Amino acid sequence: MKRIKHYDPPSAGDLARLKDDLGFTSPQMADLSGLAQGAQWRKYTGGAEPRALGMHMHFYMAALLTLDEDSLARVVECMREQGAEVDLGPLPAGPQ
């Protein structure tokens, strides 16, 4: 079994570039990263002292962007086996 041994979070600029590359709004990025609203996402990309993106949050976001449907379904099934109630939904829609 593998684990992440070391993690340095992306910079605020890196996160802003990801948002731009995806063509997402701040509310869409908040949805993708498990935050409640766009204002929360902006705390990671701006201000005098932007928040650092935690490893668990970054992993979740990267997994949603990378895993195919079958792989994500296996992860969700594992979560359910461990007692969680989980419903899958679509990723936030990018630019139309």
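The values are calculated or read from the model by the stated rules, or taken from the named source; none is laboratory data. Source: prediction; values computed, not measured. Please note: Cβ atoms are built from the backbone with ideal geometry, for glycine as well, and neighbour counts cover all protein chains shown.
Against the test of being modelled with pLDDT of 95 or more and under 23 Å from residue 88 (Cα atoms), the options 12, 62 yield a single qualifying residue, 62.
Please enumerate the residues belonging to segment 42-55 that are at pLDDT below 95 and under 23 Å from residue 88 (Cβ atoms). None; the set is empty.
The residues of segment 15-35 that are loosely packed, with under 13 Cβ neighbours inside 10 Å and of a type in the set (Asp, Glu), listed by number, are 20, 21.
Here the condition is being among the aliphatic types (A, V, I, L, M) and without any contact (Cβ under 8 Å) to a residue 12 or more places away in the chain; of 16, 62, it holds for 62 alone.
Do we find that residue 44 is surrounded by 11 or more Cβ atoms within 10 Å (Cβ to Cβ), in contact with a Lys or Arg (Cβ under 6 Å, 6 or more places away or on another chain), within 28 Å of residue 5 (Cα to Cα) and hydroxyl-bearing (Ser, Thr, Tyr) in this structure? It is true that residue 44 is surrounded by 11 or more Cβ atoms within 10 Å (Cβ to Cβ), in contact with a Lys or Arg (Cβ under 6 Å, 6 or more places away or on another chain), within 28 Å of residue 5 (Cα to Cα) and hydroxyl-bearing (Ser, Thr, Tyr).
Look at residue 38 and say whether it is free of Cβ contacts under 8 Å to residues at least 24 places away in the same chain, closer than 25 Å to residue 72 by Cα and surrounded by fewer than 17 Cβ atoms within 10 Å (Cβ to Cβ). Criteria met by residue 38.
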